[in-house]
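Enquirer: For reference, the structure I am asking about is given below.
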Amino acid sequence: MDSEYKSTHFKTVVALSYRGPILRRFQEENPNEQTAIGENPRDFMTRMVKRYPSLDLGSCRHYLRMYEFARFGGEDINEGMYSKFFERLLKIITLISNTQDE
């Protein structure tokens, strides 16, 4: 496979995405709001959908499916799956970054 991602382990990147870019971006944008210790990604995404009504529910569902697949599934994630995942992840992060309490 000749790809710009040939050295990327997609499954690891997806599995680390919750504690990495999503949670970190939310905390940067909302420094006065604490996340619950041990809050899982499903609960966090449910809270995000309530807080940001324009957040695409389909993107959140896809994110959660891929995150759980990467964390708990035995199979690898291919480049196509990763590209779709990353596209949705960027939508979520962009919305969190550009929205002050709606």
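Enquirer: What are the pairs, 6+ residues apart or on separate chains, where a residue within segment 13-24 that is open to solvent by less than 20 Å² (accessible area, probe 1.4 Å) has its Cβ under 7 Å from a residue that is at pLDDT 85 or above and not in a helix (DSSP H, G or I)?
Expert: Hits for this filter: Val14/Ile77.
Enquirer: Taking the conditions exactly as written (modelled with pLDDT under 85 and closer than 16 Å to Leu89 by Cα), does Phe26 satisfy them or not?
Expert: Yes; evaluated as a whole, the condition is true for this residue.
Enquirer: A further question on this structure: So how many residues does segment 47-91 have that are in a helix (DSSP H, G or I) and over 20 Å from Asn32 (Cα atoms)?
Expert: 29
Enquirer: Here is a follow-up. Can you find, within segment 92-102, the residue that is modelled with the lowest pLDDT among those that are in a helix (DSSP H, G or I) and hydroxyl-bearing (Ser, Thr, Tyr)?
Expert: Only one residue fits best here, namely Ser97.
Enquirer: Let me ask something else about it. Criterion first (within 11 Å of the chain's Cα centre (by Cα) and of a type outside the set (A, V, I, L, M)) does Arg65 satisfy it?
Expert: Answer is yes for this residue.
Enquirer: Next up: Determine, yes or no, whether Leu16 is closer than 27 Å to Glu75 by Cα and at pLDDT 80 or above.
Expert: yes
The values are calculated or read from the model by the stated rules, or taken from the named source; none is laboratory data. The model shown is predicted, which means the values in this text are computed figures rather than measured ones. All Cβ positions, glycine included, derive from the backbone under ideal geometry; neighbour counts span all protein chains shown. Accessible surface is based on the protein model in full, side chains and every heavy atom, while ligands, DNA and RNA are left aside. Shrake-Rupley method; radii C 1.70, N 1.55, O 1.52, S 1.80 Å.
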